[in-house]
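Novice: Let me give you the structure first, and then I'll get to my questions.
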Amino acid sequence: MSDQPLLVHTRTELADALAPARSSGQRVGFVPTMGALHQGHASLMRVAREHVHDGPVVVSIFVNPTQFAAGEDLDRYPRTLDADLELCAAAGVDVLFAPTTDEMYPAPGVITVDPGPAAEILEGASRPTHFRGVLTVVAKLFGLVRPDVAVFGEKDYQQLALITAMAADLCTGVEIVGAETVREPDGLALSSRNRYLGPERRRRAVALSQALYAAQRAAPYGLDAAWANARAELRSAHGVDLDYLEILSPDLTELPAEPEPGTPARILIAARVGTTRLIDNMPLTLGAATAREPSGGGDPTSEKE
Ligand code: PAF
């Protein structure tokens, strides 16, 4: 059986837990989470371990109220501390920091991190206060944990991009590492919110990753083909209410009007399946647009006689 991580709830306990590592000059790795941990989180913990070797890996579990707007799922967000402890133990985590809201926000927050215009697109278009809350709590957690390296999932790609920019712009000295999305065998990206889906909606939710894979298959034929293939896949999906489907540069700026063959891009999707809002994304490498334009959104990768 793996050793349990040291569970701490206060800033002082956290500082005490990390004091030996700091005085011996060990690197500290950090994986911030909101709990309801799954194998996607376990993979972030393994990546953190690779970056710090014998140094401590710290995981935080804090369902941060400031990144939820009124009417979002703050109250019903799953809280599963006992199971989370087991997962952290199996992943070799050293310290689990699970603060209360008062511990993180002892006074009403006046100073917040402005995420800038990149937080107004994609997720930010329908959740205008979300990234201010995310960046503010991550900045506070960085101040408390003072990690050398922090690992975030590519699954929340816009979040990863904004945290990477914040870490650099605010001179935090924290190296930000992105870790690949972990998927179910049918392609569904692992997410704490998947547990809201009943069996029928779980089956429908696979449409998100199928649309992204369809775009990847068509990307060698150019941007329009990738786009049309993803749209065609979604047209045949039932019970999936699309919020956005965007193809952007990897840094989330607009692609050039006529991308060169080989241009890297990112396709990002958000959709509601029942009452659950899911997001996903994948990398694309755009090829040259050819004469084989997809007709009616058909799959340009399928050879038709
Ligand atoms: O991705 C998450 O779980 C949260 O947004 C984070 C980064 C832990 C901040 O609360």
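Taken together, the values in this text are just the output of simple stated rules run on the coordinates, not laboratory data. Since the model is a prediction, treat every value here as computed from it, not as a measurement. Using ideal geometry, Cβ is built from the backbone for each residue, glycine included, and neighbour counts are taken over all protein chains shown.
Novice: Scan the stretch 1-100 for chymotrypsin sites (Phe, Trp or Tyr not before Pro) in coil per DSSP, keeping those whose Cβ has at most 11 other Cβ atoms within 10 Å, and list them by number.
Specialist: Within the stretch 1-100, no chymotrypsin sites (Phe, Trp or Tyr not before Pro) qualify (loop, at most 11 other Cβ atoms within 10 Å).
Novice: Could you derive backbone 3J(HN,Hα) for the stretch 257-262 from the dihedral phi with the Karplus parameters 6.51, -1.76 and 1.60 (θ = phi - 60°), listing whole Hz in sequence and x where the residue is Gly or Pro?
Specialist: 4, 10, x, 5, x, x
Novice: Which net charge results when you count Lys and Arg as +1 and Asp and Glu as -1 among the other residues whose beta-carbon is under 15 Å from that of GLU175?
Specialist: Result for the neighbourhood of GLU175: 0.
Novice: With charges set only on the Cβ (+1 for Lys and Arg, -1 for Asp and Glu), what does the dipole of the stretch 31-148 come to about its Cα centre, in debye to the nearest 20?
Specialist: Using only the charged Cβ atoms, the result is roughly 140 debye.
Novice: Counting Lys and Arg as +1 and Asp and Glu as -1, what is the net charge of the other residues whose Cβ lies under 15 Å from the Cβ of LEU18?
Specialist: -1
Novice: Indicate the gyration tensor shape class of the stretch 1-112 (rounded, prolate or oblate), computed on the Cα atoms with a ≥ b ≥ c the square roots of the eigenvalues: a/c under 1.5 is rounded; otherwise a/b larger than b/c is prolate and the rest oblate.
Specialist: oblate
Novice: Compute the helix-to-body angle for 130-145: its Cα long axis versus the longest principal axis of the chain, expressed 0 to 90° and rounded to tens.
Specialist: Between helix and principal axis, roughly 40 degrees.
Novice: For the chain, with a Gaussian network of springs between Cα atoms less than 10 Å apart, report the residue from ALA150, ALA165, ALA257 with the top mean-square fluctuation.
Specialist: Between ALA150, ALA165, ALA257, it is ALA257 that shows the largest mean-square fluctuation.
Novice: Out of LEU81, LEU255, LEU170, any idea which swings most in a Gaussian network model of the chain, alpha carbons joined below 10 Å?
Specialist: Taking springs between Cα atoms under 10 Å, the residue moving most is LEU170.
Novice: Sort the stretch 175-230 into rounded, prolate or oblate with this rule: let a ≥ b ≥ c be the square roots of the eigenvalues of the Cα gyration tensor; rounded if a/c is under 1.5, and if a/c is not under 1.5, prolate when a/b is larger than b/c, oblate otherwise.
Specialist: Oblate, because a/c is 1.5 or more while a/b does not exceed b/c.
Novice: Of all the C-alpha pairs in the chain, what % are more than 27 Å from each other?
Specialist: Distances greater than 27 Å cover 46 percent of the Cα pairs.
Novice: Out of residues 5 or more away from LEU286 or on other chains, whose amide H comes under 5 Å of its own, with H placed 1.01 Å from N in the peptide plane?
Specialist: GLY262, THR263, ALA265
Novice: Give me the base-10 log of I(q)/I(0) for the stretch 193-257 at each q in 0.17 Å⁻¹, Debye formula, one uniform scatterer per Cα, rounded to two decimals.
Specialist: Log10 I(q)/I(0), no solvent term: -0.66.
Novice: Can you tell me the 0 to 90 degree angle between the C-alpha axis of helix 39-52 and the longest principal axis of the chain, rounded to 10?
Specialist: 60
Novice: When a/c is below 1.5 the answer is rounded, else prolate if a/b is larger than b/c, else oblate, so apply that to the stretch 101-178 with a ≥ b ≥ c taken from the square roots of the Cα gyration tensor eigenvalues.
Specialist: The shape class here is oblate.
Novice: Where does the charge balance sit around LEU74 when Lys and Arg score +1, Asp and Glu -1, over other residues with C-beta under 14 Å from its C-beta?
Specialist: +2
Novice: Please list 13-25, 195-207 highest first by mean number of surrounding beta-carbon atoms within 10 Å per residue.
Specialist: Those peptides, ordered most packed to least, come out 195-207, 13-25.
Novice: Still on this model: For the stretch 120-126, what does the Karplus curve 6.51 cos²θ - 1.76 cosθ + 1.60, with θ = phi - 60°, yield as ³J(HN,Hα) per residue in whole Hz, taken in order and with x for Gly and Pro?
Specialist: These are the phi-based 3J(HN,Hα) values: 9, 9, 6, 4, x, 5, 9 Hz.
Novice: Farthest toward the dipole's positive end in the chain, which of CYS88, ALA167, THR253, given Cβ charges of +1 (Lys, Arg) and -1 (Asp, Glu) about the Cα centre?
Specialist: Working it through, the farthest residue towards the positive pole turns out to be CYS88.
Novice: Have a look at the stretch 104-259 and give its Rg and Dmax from the Cα atoms, expressed in angstrom.
Specialist: Cα only, the stretch 104-259: 17.9, 54 Å (Rg, Dmax).
Novice: With axes computed from alpha carbons, what is the tilt in degrees of helix 199-218 against the longest principal axis of the chain, rounded to the nearest 10 within 0 to 90?
Specialist: 60
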